[in-house]
Amino acid sequence: MNVQSPPVALKPNDYASDQEVRWCPGCGDYAIVKAVQKALSNMGADPKNTVFVSGIGCAARFPYYMATYGFHTIHGRAPAVATGVKLANPDLDVWVIGGDGDMLSIGGNHTLHVLRRNIDVQVLLFNNEIYGLTKGQYSPTSKVGTRSPSTPAGSVDSPVSACVFALGCNARFVARSVDTNLKVLPGLMQEAKENTGASFVEILQNCIVYNDGVYSSFTDKANIADGQVVCEHGKPLLFGKENEKGLRMTPGKMELEVVTIGENGVTEADILIHDETNRPLALMLAGMQPPNFPVAMGVIFRDPGPSYDAAVYDQIAEMTEKSPAIPINELMHKGKTWTVV
Amino acid sequence: MPTNLIGTMATQLKETDESGREILDSVVIRFAGDSGDGMQLTGTQFTQSTALMGNDLSTFPDFPAEIRAPVGTTYGVSAFQINFASHAIKTPGDAPDVLVAMNPAALKVHLKDLVPGGTLILNLGAFNARNIEKAGYKESPLEDNTLDSYRVIEIDISKMTLAAVEHIDVTQKEALRAKNLWTLGLMCWMYDRDRQPTIDWLNQRFGKLPLIAEANIAALNAGHAFGETAELPSEISTYVVPKAKVEPGIYRAVTGVETTCWGLLTGAQKAGLNIFFGSYPITPASPLLHSLSNLKAYGVVTFQAEDEISAVCSALGASYAGSLGITSSSGPGVALKSEALGLAVVTELPLIIVNFQRAGPSTGLPTKTEQSDLYQSVYGRNGDTPMPVIAASTASDCYDCAIEAVRLATKYMTPVMFLNEGFLANAAEPWKLPDTDDVEPFPVEFASETEGFHPYLRDEKTLARNWAIPGTEGLEHRIGGIEKDYDSGNISYDSDNHHKMTKVRAQKILGIADDIPEQEVVSGNNSGKMVVVGWGSTFGAIEQATRRCQEDGLDVSHIHIRYIWPLARNLGELLKGFDKILVPEMNNGQLVTLLRSEYLVPAESLAQITGQPFKVSDLEREIRSRMED
Ligand SMILES: Cc1ncc(C[n+]2csc(CCOP(=O)(O)OP(=O)(O)O)c2C)c(N)n1
Ligand code: SF4
Ligand SMILES: [Mg+2]
């Protein structure tokens with residue numbers, strides 16, 4: 001299939017399907033769908049070559065709202081279905097959509113492998129730290145103590161960090177953002193798309209019904225400056241209202257600490273410069289938790305490598321050149337045969 | 001003539017050929033030894049030579065689940081049986097005429113099957129006190145009367161092998177490993193088989209280890225020479241089994257895995273699609289993954305998934321994108337796939353699931369054969385989730401079934417369950433090579449018309465929905481597991497619509513009955529006293545058993561069902577023409593339940609759940625006794 005640019009540039013709205021959106025009013029998913037439509041428009045994506053594959057959950061309803069190809073599959077299996085789509089036709093631009101339960105609980109295994117294999121797809125994980133669609137049970141990303149219908153006295157198991165998980169899976173592109181950050185999200189999607197191989201983007205999403213405000217300690221307007229640090233390759237990891245705070249390695253230890261420039265003899269030169277190709281650093285940044293640390297946003301890790309789908313087709317080409325296909329009749333006659341007259 | 005009389009006559013009238021070899025109609029040989037003794041290899045090589053001699057043959061490899069069970073134990077015994085004949089045969093044979101036992105454990109496990117008066121070849125070298133005890137014998141079976149009713153040939157094969165390779169620079173361990181080839185050499189002498197195919201194979205296999213190849217070839221030749229020169233007991237003679245009279249053509253020996261692989265490839269070519277094969281290793285299905293992985297030049301993409309669920313889901317994703325998605329597994333793996341099969345049914349995408357059945361439930365007996373996934377195939381999913389199910393009867397039939405599975409999947413936009421069996425996967429038989437040109441092409445046409453398009457637009461006749469693949473301008477659409485509106489393909493929670501869609505999905509699959517052959521009787525009359533109804537790999541044993549009864553004047557017919565779902569249009573009427581319906585199955589009675597529920601007929605079950613194929617004699621006895629009931 002040939003990828004052709006559409007003749008006229010499509011506006012974000014042209015990527016919206018005619019289907020009525022069925023998320024709760026005020027759900028963070030609305031903002032994400034808008035951001036993706038904007039990103040596609042910015043990139044001039046061709047709807048006929050764009051496929052959204054999702055699992056099950058509120059987040060996973062996403063494909064129905066896009067005027068592209070879409071496959072709403074079964075709970076947790078979107079990465080596996082997407083793998084087949086991409087391997088069948090590598091020219092397609094494939095996006096995988098799912099929630100925290102979808103991709104880290106029932107489908108954790110597939111998320112691991114789509115990332116490890118580095119299949120050229122974008123994986124967007126809408127993390128609301130809750131099971132939305134099944135009415136509010138805690139999820140594998142819920143903080144200890146989360147009260148929910150299934151944990152009335154608070155959850156007692158420790159959560160997983162989506163980005164730390166992705167890094168542990170050897171993902172080569174790991175980024176994080178917030179649903180409402182419309183300024184940044186489309187650009188981040190574009191970077192994810194432009195990265196060859198599996199691109200993992202965690203989008204912190206507010207579930208207004210079952211987990212409202214889980215992220216407000218660092219996403220509310222007043223808290224953003226002190227609660228988030230934006231990772232930009234080659235730039236110092238500064239944050240705070242005046243960019244007065246920063247991250248540095250604790251001298252003599254393999255450990256991050258928050259410092260204030262001008263205090264205790266700290267100068268800007270002491271602040272860590274973000275190196276997006278450094279996986280151990282990325283692991284430390286991705287794992288930072290409020291309130292003691294800001295939450296890392298932006299491209300936390302990027303170190304592109306050959307994609308699985310490309311390697312598969314390279315091998316097919318190589319093998320075909322070495323021993324081209326012969327008619328099946330001849331193939332079946334290869335080896336030891338005998339003739340009966 | 002009663003069968004026992006034929007038997008006696010055969011032993012009395014010894015015919016010989018010009019070189020003095022006794023001419024036999026058919027022989028059953030079983031090679032048995034420790035898992036590490038190379039019995040499967042010995043059997044496979046003997047099979048190759050036998051096939052090239054022009055005999056009809058059927059084999060039954062029977063090996064333990066453990067790769068290397070503790071040496072000398074009964075549960076570590078691996079066996080390979082071959083039945084070859086100068087006439088057409090259909091089963092690997094009920095009981096061996098010749099048993100090769102490489103150690104006491106092999107003797108312990110298999111002696112009970114050897115026909116009275118049968119030939120027993122023992123490797124004396126392995127009959128030491130420790131091995132005898134490990135096998136569970138209190139006393140050496142060589143010294144009491146255990147072996148009295150057999151013709152016993154005791155040879156210290158281990159010692160002979162060591163002597164044969166003495167001049168070659170290999171370790172003692174490597175030398176001893178060649179004892180299976182020594183044995184093969186002896187059997188080649190006894191049955192006049194050509195050693196050259198084995199020599200060629202060894203040279204190729206051990207191309208990088210020429211000394212190992214040399215040692216094995218030396219052992220092979222020494223075993224043969226031993227037969228020619230040694231003073232063997234007088235009643236042991238050499239034999240010849242003349243070529244079988246079969247249809248002219250070019251033949252090769254094949255297993256069900258090979259034919260399945262070529263059938264899928266042929267089918268895909270006839271449909272004009274590339275194969276995407278997603279699979280996760282499991283006995284006995286893995287060999288299909290291995291075979292297809294070698295067909296990259298045919299555009300075949302093979303994907304070893306992280307689990308069974310990913311295997312089927314990736315295949316379904318590939319079908320969505322316009323490939324022919326195929327997945328394979330065995331019962332436990334198919335169980336894991338069942339949710340995704342529901343998705344395939346509701347999204348109405350072509351998909352083929354090859355189930356190499358093995359003994360269940362759960363892990364069951366992983367290396368033993370069974371036909372116990374019929375319920376799982378026909379009924380085993382949530383919701384009303386119909387799909388066609390076809391079952392292969394022989395290794396040759398796997399080729400045709402595979403093509404048929406592709407045809408049905410693409411023509412009706414549906415997943416198709418292709419029931420294979422561990423027994424068919426491993427067993428070898430001669431196959432008259434088909435000509436792919438004899439298969440009518442059935443090219444797939446993807447949707448391209450934008451006018452009036454929606455993803456669930458159906459063909460009026462087949463009820464198949466149109467297949468629009470990503471990359472097609474103007475046909476962008478969304479599908480998924482939520483019920484779809486009949487008229488637009490959009491999601492719909494409407495109750496009447498769900499009723500209608502469920503009916504349409506069922507009707508589409510039932511309609512396939514108009515597109516498959518009417519049920520025929522394999523042998524016997526179209527109505528009468530009794531019909532024996534079978535499916536899958538029991539075909540040969542049932543046919544032989546019913547034939548014997550027919551030759552004896554009994555009014556019994558044989559029906560073999562290939563299309564398990566939907567069943568052939570006329571099957572119900574046909575069954576109702578018989579007073580008795582007997583359904584032998586290697587399960588606890590599954591097809592029998594299906595037939596009873598579909599046709600309200602008093603079908604009776606004949607269940608054998610031993611992990612072993614039916615014996616013709618057992619079936620025959622059972623048919624006779626049930627006829628008298
Ligand atoms: C096999 C299976 N098990 C359970 C469910 C029920 N289920 C649907 S969505 C869901 C969790 C959704 O949570 P998440 O993935 O975080 O998505 P969200 O709704 O929060 O966006 C569950 C448990 C299902 N649909 N399928
Ligand atoms: S339940 Fe929560 S996640 Fe689901 S749609 Fe409503 S607000 Fe959004
Ligand atoms: Mg969630």
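Could you work out the equivalent-ellipsoid semi-axes for region B:381-487, taking the square root of 5 times each eigenvalue of the Cα gyration tensor, largest first, in whole Å? One finds semi-axes of 34, 18, 11 Å for region B:381-487. Per residue of peptide B:303-310, the mean number of Cβ atoms on other chains within 10 Å of the residue Cβ is 6. Using only Cα coordinates, the Kirkwood hydrodynamic radius of region B:11-94 works out to 14.1 Å. Peptide B:463-472 is shielded by partner chain Cβ atoms: per residue, an average of 4 of them sit within 10 Å of its Cβ.
Charge dipole (Cα centre; +1 on Lys/Arg Cβ, -1 on Asp/Glu Cβ; no other charges) of region B:416-514 amounts to roughly 460 debye. Each listed q (0.10 Å⁻¹) maps to a log10 I(q)/I(0) for region B:490-612 from the Debye sum over equal C-alpha point scatterers, namely -0.38. Each listed q (0.11 Å⁻¹) maps to a log10 I(q)/I(0) for region B:223-316 from the Debye sum over equal C-alpha point scatterers, namely -0.55.
Seen from every direction in turn and averaged, the convex hull around the alpha carbons of the protein assembly as shown projects onto 47.8 nm².
Listed by Cβ neighbour count within 10 Å, with the fewest neighbours leading, B:446, A:218 appear as B:446, A:218.
Taking a ≥ b ≥ c as the square roots of the eigenvalues of the Cα gyration tensor, an a/c ratio of 1.5 or more together with a/b larger than b/c marks chain A as prolate. Within chain B, antiparallel bridges make up roughly 35 percent of the DSSP beta bridges whose residues both belong there.
If we sort A:253-265, B:293-305 on the protection proxy, mean other Cβ atoms within 10 Å, highest first, what's the order?
In descending order of packing, they fall as B:293-305, A:253-265.
Pairwise Cα distances in region B:118-185 exceed 14 Å for 64 percent of all pairs. When the Cα positions of A:132, A:41, A:84 are compared along the charge dipole of region A:24-153, A:132 comes out farthest toward the positive end, with charges on each C-beta of Lys, Arg, Asp and Glu.
Rounded to the nearest 20, the size of the Cβ-charge dipole of region B:321-418 about its Cα centre is 140 debye, with Lys and Arg at +1 and Asp and Glu at -1. Listed by chain and number, the lysines whose alpha-carbon sits under 26 Å from that of residue B:368, ignoring those within fewer than 8 places in the same chain, are B:90, B:108, B:112, B:134, B:337, B:615. For a straight C-alpha distance cut-off of 17 angstrom, the aspartates and glutamates reachable from residue A:183 (same-chain residues fewer than eight places away being disregarded) are A:29, A:191, A:202, A:220, A:232. Put +1 on the Cβ of each Lys and Arg and -1 on the Cβ of each Asp and Glu in region B:192-336; which of B:304, B:321, B:254 then has its Cα farthest toward the positive end of the dipole? Value computed over the given set: B:321. Ordered by the count of other Cβ atoms within 10 Å of each Cβ, fewest first, A:75, B:499 give B:499, A:75. Taking a ≥ b ≥ c as the square roots of the eigenvalues of the alpha-carbon gyration tensor, region A:285-328 is classed prolate because a/c is 1.5 or more and a/b outweighs b/c. Between the residues B:488, B:431, B:443, the greatest Cα displacement towards the positive end of the dipole of region B:426-525, with unit charges on the Cβ of Lys, Arg, Asp and Glu, is found for B:488. Placing +1 on each Lys and Arg Cβ and -1 on each Asp and Glu Cβ, with no other charges, gives the protein assembly as shown a dipole about its Cα centre of roughly 1100 debye.
Averaged over the residues of peptide A:58-67, the number of Cβ atoms from other protein chains lying within 10 Å of each residue's Cβ is 2. Bridging of residue A:48 to lysines at a Cα separation below 26 Å is possible for A:11, A:34, A:38, A:86, A:193, B:411, B:484, once same-chain residues fewer than 8 apart are set aside. Of all DSSP beta bridges confined to the protein assembly as shown, the antiparallel ones make up roughly 35%.
A Stokes-Einstein calculation at 25 °C with viscosity 0.890 mPa s, built on the Kirkwood radius of chain B over Cα pairs, returns a diffusion coefficient of 93 µm²/s. Cα extents for region A:179-309 along the principal axes, largest to smallest and rounded to whole angstrom: 49, 41, 23. Per-residue Cβ neighbour counts within 10 Å put B:56, B:156 in the sequence B:156, B:56, beginning with the fewest.
Bear in mind these aren't lab numbers, they're just calculated from the coordinates by the rules spelled out. Please read these numbers as outputs of a predicted model, since none were measured by experiment. As a convention, Cβ positions derive from the backbone with ideal geometry for all residues, glycine included, and neighbour counts pool all protein chains shown.
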